[in-house]
Amino acid sequence: RLSPEMESGLNKQMTQEAWAAQVYLSYAAWAASEGYNGIANFLFRHANEERNHMMKFLEYILERGGKVNIDAIAKPPQDPSNVQDCFEQVFKQEVDNTTSIYRLVKLSHDEGDWATWHFMQWFVKEQTEEETLALNLLDKIKIAGGTSATPEALYTLDRDMEKEPDEA
Ligand code: OFO
């Protein structure tokens, strides 16, 4: 059975994933309204991924006989000021998320809760992938000229992002 501390940690992480989905949704809506439809498409798809992560936590808590606590979701931050800022925020958010994932991994290890430890490994791998993806996109944006990218460079980038593959 889940310890009370683990149950609360997993619930918090579930809400954190729901918040991440809201952040991606708000950035996607921003990108769409700026005319970056490829970027918007990528961010909308990513919002769905975060919602799937939320569901993974929810299902796991139930599976272990824990109590799911559906809580309020905090407001997403302000709109980004440009494409580079958008992906810098995305990267930062993923790094922060990795920190909270690692905290749960450590707790499961300390408690000898190997089922949760095992469950969390999927997220450890996922976070590495997400951080790498965000870093690669930031590199592409920088190559395109960063905050002083030309409209042509941004157009090509936007079109390429439509083709970024989906993950889990
Ligand atoms: Fe962006 O990742 Fe969820 O966990």
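To keep it simple, each residue is scored yes or no on (1) over 16 Å from GLY38 (Cβ atoms); (2) within 18 Å of the chain's Cα centre (by Cα); (3) part of a helix (DSSP H, G or I).
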site: PRO76; (1), (2), (3): yes, yes, no
site: SER81; (1), (2), (3): yes, no, no
site: CYS86; (1), (2), (3): no, yes, yes
site: PHE91; (1), (2), (3): yes, yes, yes
site: LEU157; (1), (2), (3): no, no, yes
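Taken over region 25-68, residues that are touching a residue at least 60 places away in the same chain (Cβ under 8 Å) and either among the aromatic types (Phe, Trp, Tyr) or more than 21 Å from LEU154 (Cα to Cα) (or both) amount to 11. Please determine whether any residue of region 114-124 is more than 15 Å from the ligand (Cβ to nearest atom), of a type in the set (Phe, Trp, Tyr), without any contact (Cβ under 8 Å) to a residue 40 or more places away in the chain and surrounded by 14 or more Cβ atoms within 10 Å (Cβ to Cβ). Within region 114-124 (the criterion being more than 15 Å from the ligand (Cβ to nearest atom), of a type in the set (Phe, Trp, Tyr), without any contact (Cβ under 8 Å) to a residue 40 or more places away in the chain and surrounded by 14 or more Cβ atoms within 10 Å (Cβ to Cβ)), the answer is yes, since at least one residue qualifies.
Just wondering, is there one or more residues in region 59-67 that are in contact with a helix residue (DSSP H, G or I) (Cβ under 8 Å, 6 or more places away or on another chain), under 20 Å from VAL95 (Cβ atoms) and within 16 Å of the ligand (Cβ to nearest atom)? So far as region 59-67 goes, no, none of its residues is in contact with a helix residue (DSSP H, G or I) (Cβ under 8 Å, 6 or more places away or on another chain), under 20 Å from VAL95 (Cβ atoms) and within 16 Å of the ligand (Cβ to nearest atom).
Answer yes or no as to whether THR132 is at pLDDT below 95, more than 16 Å from the ligand (Cβ to nearest atom) and farther than 18 Å from SER8 by Cα. So THR132 fails the test.
For region 1-12, a residue qualifies if it is within 15 Å of the ligand (Cβ to nearest atom) and surrounded by fewer than 21 Cβ atoms within 10 Å (Cβ to Cβ), and the qualifying residues are GLY9, ASN11, LYS12.
Here's the yes/no breakdown for (1) more than 28 Å from LEU137 (Cα to Cα); (2) touching a Phe, Trp or Tyr at 6+ places or on another chain (Cβ under 8 Å); (3) loosely packed, with under 14 Cβ neighbours inside 10 Å:
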position: LEU58; (1), (2), (3): yes, no, no
position: LEU62; (1), (2), (3): yes, no, yes
position: ALA72; (1), (2), (3): yes, no, yes
position: PRO76; (1), (2), (3): no, yes, no
position: GLN84; (1), (2), (3): no, no, no
position: PHE87; (1), (2), (3): no, no, no
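Being touching a residue at least 40 places away in the same chain (Cβ under 8 Å) and surrounded by 12 or more Cβ atoms within 10 Å (Cβ to Cβ) is a property that holds for GLU111.
The values are calculated or read from the model by the stated rules, or taken from the named source; none is laboratory data. Computed from a predicted model, the values in this text were never measured in an experiment. Cβ coordinates were reconstructed from backbone atoms using ideal geometry, including for glycine residues, and neighbour counts include every protein chain displayed.
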